[in-house]
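Here's the structure, in structure tokens; my notes come after.
Readers should treat all values here as calculations from the given coordinates under stated rules, not as data from a laboratory. What you see is a predicted model, and the numbers here were worked out from it, not measured in a lab. Don't worry about glycine lacking a Cβ; one is built from the backbone with ideal geometry, like all the others, and counts go over all protein chains shown.
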Amino acid sequence: MGTRHLICVFWKGRWYIAQYGQFDGYPEGQGVKILKFLSVACNIDNLKSGLENFVYEPTNEEIEAIWAECEAWDEARRAQTNAWERNMFGINQLYPSLARETSAGLLGIIARTSRTEDEGDAEGDVEGGAQGPETKTPKKIPVCLQLEFANDSLFCEWAYVVDLDKEVFEVYGGSEKKHDRHRFKDVGDEQSPVPAFLCSFNFAEIFLMKNNSEFLDKVEEASNERAEEDEEDVDKSDIQRHATTTGVPLWRIEQDRLDDEDSEGSAQGSP
């Protein structure tokens, strides 16, 4: 299902990953995938190693070359068959780290690259330090930081942040105004909206989770609380506008509202 989202990794005081995704952005989809990845301790170490040694941001010229290569792949495939298959496109097959369908899968791609290097070193340790013929050299992984998507309050429905410094996994849903301590406070200008924080999970907590329901229940509870707070904010804004328009004091409008609620409650309780 088309649910646009952003998956980010923050480490050593900066953003390493800000991956735009277009499908299954709900907590039941990408959220659970990230949770499962983080629940395996070695994945975190491999992710750090991969980020440090294999991930890079391509230049504009390199991006153009990548797209040209992918288009050539697509043309070659079309020459062979007209059959449509999901993800059978050049960008998915050659550079999945740049594909909109990859989403949380990028974490696994990076971690596996680091693991492949370690396995290659172990297999290639022969006399004199030479590598054996079967050793594979991991391919560098291009990524595009798309942090500006965090300011798109209409289309950025969910955002997930893996903070490797604080060892926490944060979940964001909807949007809100910036404040000084917000995770995305430096993304966009001062007036740009940012994803609304819902809840977070430290890595130790994730390791102890028995099933996905513990994660999903907490996200749902936080989301419901957020919705109630937003509704209260809307009510207050409506009252303020009404007071400004009519000249009626705020205290009088609020008192009338409470009286109306009391009257409705009394009517419902009458026999």
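Ordering 84, 73 from the fewest to the most neighbouring beta carbons within 10 Å gives 84, 73. Placing a label point 7 Å from the Cα of residue 65 along the Cα-to-Cβ direction, the residues of segment 76-116 with a backbone N closer than 20 Å are 90-99. Were the residues from residue 100 through residue 82 laid out at 0.36 nm apart, the gain over their Cα-Cα distance would be 4.2 nm. Label positions at residue 53 and residue 180, each projected 7 Å from the Cα along the C-beta direction, are separated by 4.2 nm.
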